[in-house]
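The values are calculated or read from the model by the stated rules, or taken from the named source; none is laboratory data. All values derive from a computational prediction rather than experimental measurement. Cβ coordinates were reconstructed from backbone atoms using ideal geometry, including for glycine residues, and neighbour counts include every protein chain displayed.
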Ligand code: EPU
């Protein structure tokens, strides 16, 4: 087991924030993770699983032992009359995996093309885009318990997926309450390292086209029945047009979740701001476009130090070069305050602040 010390993490987070891991271990297999957990020196220390760092804000050097997930591999596990079940190692790049599935003829992940990050990080925040969420295609995942080293498998219900949410974002109850046998279904933040994820891609494939931007592409290109590859290309084009490429401009995708309000709250806001972008949900509540709220408060293109609000999408905070995590969070708090003062809504950040 090789423990690297004082490892620069700037290239390991998509906001490109300068920070160091005091200790970092690259894990390429279940056994590598288990070796860390079993180590008398490292096993007892707090640990942080790091994938592509696409949903993290580093606000200083990282004291927990960083487990850099480099578990690779992708394969067809099973084909039934109802679905292809495909599996990928947690360290695989998400977009490369989506591209590979389509090349193999396993359609179904195309709406989630070009989302930055790794396969292992995808279930943590139940990534989603253009009318599809990871949970719609999820089959199961394997993980290692970072306290006991035991391997376990979780199915969808045990992951408690919600909008940009899962069991992996919630802290575990105190150790006295939790035992090995009860690990499944409880808060697993910091407790589980995801090693492999399996997806169930339904047969026959059906396009998911409800989202306005995709519908626009369909009409523009005069396409009656798009293929999965066409939708993949449309999603890539839409994302490239309005979202910054993290390889060029540091960012962590949408920085806040789209908030949900009651119909009464929404009616109240509409009375004051008739143009507010909102969507009625099947449960009777209303989702508001956080990007619109931030935009309406005049934040587009503004900066705090070297952290800024992206010119083409106000929901995306960017590193204009040399931003610290502190600057990003100061900007995020200033945005929260002005949105709260104008609309009475407290925006909730999407990324994990470390
Ligand atoms: N809008 C503005 N001004 C802005 C930004 C947005 O008026 O500065 C308006 C847009 O015109 C649009 C509405 O707000 O009418 C929604 O914008 P958009 O279609 O870009 O989607 P979003 O709600 O901002 C969500 C996800 C994205 C995902 C897209 C497409 C969240 C927090 N974000 O963004 O996910 O790609 O929908 O499905 O749910 C991510 O999570 O990192 C992410 C990029």
- request: Please state which of the following conditions residue 142 fails to meet, knowing it meets all the rest: (1) over 21 Å from residue 204 (Cβ atoms); (2) away from the ligand (no atom under 14 Å from the Cβ); (3) without any contact (Cβ under 8 Å) to a residue 60 or more places away in the chain.
  value: (3)
query: What are the residues in the range 117-126 that are touching a helix residue (DSSP H, G or I) at 6+ places or on another chain (Cβ under 7 Å) and surrounded by 22 or more Cβ atoms within 10 Å (Cβ to Cβ), if any?
result: 117, 118, 119, 122, 123, 124, 125
Some residue of the range 300-308 being near the ligand (Cβ under 9 Å from one of its atoms) and buried (at least 21 other Cβ atoms within 10 Å of the Cβ): no
- request: Would you please name the residue that is farthest from the ligand (Cβ to nearest atom), looking only at residues in the range 98-139 that are part of a strand (DSSP E or B) and within 26 Å of residue 249 (Cα to Cα)?
  value: 118
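Quick grid of which residues meet (1) closer than 15 Å to residue 318 by Cα; (2) at pLDDT below 95:
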{"residue": "224", "(1), (2)": "no, yes"}
{"residue": "228", "(1), (2)": "no, no"}
{"residue": "236", "(1), (2)": "no, no"}
{"residue": "255", "(1), (2)": "yes, no"}
{"residue": "258", "(1), (2)": "no, no"}
- request: Of the conditions (1) over 21 Å from residue 15 (Cβ atoms); (2) surrounded by 18 or more Cβ atoms within 10 Å (Cβ to Cβ); (3) in the same structural domain as residue 189 (by TED's automatic domain parsing), residue 78 clears all except one; give me its number.
  value: (2)
message: Considering only residues that are surrounded by fewer than 16 Cβ atoms within 10 Å (Cβ to Cβ) and in a loop (DSSP other than H, G, I, E, B), which ones fall in the range 216-268?
response: 221, 222, 223, 224, 225, 227, 245, 247, 248, 262
